[in-house]
Amino acid sequence: NTIHNDNVKSIYGTASDGLEIYHDSLNSVIRDSGTGNLVIAADDFRLQVSDQTANMITANTGAEVTLTYNGGTKISTTNTGISVTGDGAFSGSVQIPNAGQLQLGTGNHMILQHNSANGFIKNLTGQLNIDQSAVTQSIVFRVSDANALDTTALTISRNGDLTTGRDVTIAGDLTVNGTTT
């Protein structure tokens, strides 16, 4: 064993551009202060909690890299992308390239997609529900006429009244239950 007191560094390379390993009385530090990269080479890699009872990061040669939280896998790479276990919170945007899909449900029963020309909401199983849970608020469909989203095409009020922004064409029968004005 070699014992170094606090703030005594083991320096590899020259003093100004080497690898430093030390303890500063609060933290244990491995610091690359030079040029190039800090390279840790291994066939399999584990970053573990201090008592070595659980992995925090695992990397396997030619296979997955896994991030864990409190012993449970949360993110791991796969041969086609990533796998996320649990909820995700994003502080920025999530981008899916053209022709890519956001697939929801175990059997991908609902799909949000944009190709290079059009956007799609596809529900492949069961009923498609659009729920407005904000009390006293309407559902508003807007379109672009002269400017982006400058025309309200359809409004469904909080009590179910339907207002259209222009003419209404009915291709089939019209049934009116209630008072006709």
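Observations
- Matching option when the condition is among the acidic types (Asp, Glu) and touching a strand residue (DSSP E or B) at 6+ places or on another chain (Cβ under 9 Å), among Asp145, Asp167, Asp87, Asp173: Asp145
- Residue pairs whose Cβ atoms lie under 9 Å apart, sitting 6 or more positions apart in sequence or on different chains, and linking a residue in the stretch 117-137 that is within 24 Å of Ile96 (Cβ to Cβ) to a partner that is open to solvent by less than 80 Å² (accessible area, probe 1.4 Å) and basic (Lys, Arg), do not occur here.
- Failed item, numbered, when Ser25 is tested on (1) open to solvent by 80 Å² or more (accessible area, probe 1.4 Å); (2) at positive phi: (1)
- The stretch 147-157, subset under 15 Å from Gln132 (Cβ atoms) and either β-branched (Val, Ile, Thr) or modelled with pLDDT under 90 (or both), residue most open to solvent (accessible area, probe 1.4 Å): Ile156
- Matching residues in the stretch 158-176 - criterion: being surrounded by 11 or more Cβ atoms within 10 Å (Cβ to Cβ), part of a loop (DSSP other than H, G, I, E, B) and not charged (D, E, K, R): Gly165
- Close pairs (6 angstrom Cβ cut-off, 6 or more residues apart or separate chains): over 21 Å from Asp131 (Cβ atoms) in the stretch 158-177, of a type in the set (S, T, N, Q) anywhere: Gly165/Thr151; Gly165/Thr152
- Only one of the listed residues (Ser93, Ser133, Ser144) is closer than 30 Å to Gly81 by Cα and either at pLDDT below 95 or surrounded by fewer than 11 Cβ atoms within 10 Å (Cβ to Cβ) (or both). That residue is Ser93.
The values are calculated or read from the model by the stated rules, or taken from the named source; none is laboratory data. Here the structure is a predicted model, which is why all the values come from computation and not from measurement. Reconstructed Cβ throughout: ideal geometry from the backbone, glycine too, with neighbour counts over all protein chains shown. The area values use the complete protein model at the heavy-atom level, side chains included, leaving out ligands, DNA and RNA. Shrake-Rupley method; radii C 1.70, N 1.55, O 1.52, S 1.80 Å.
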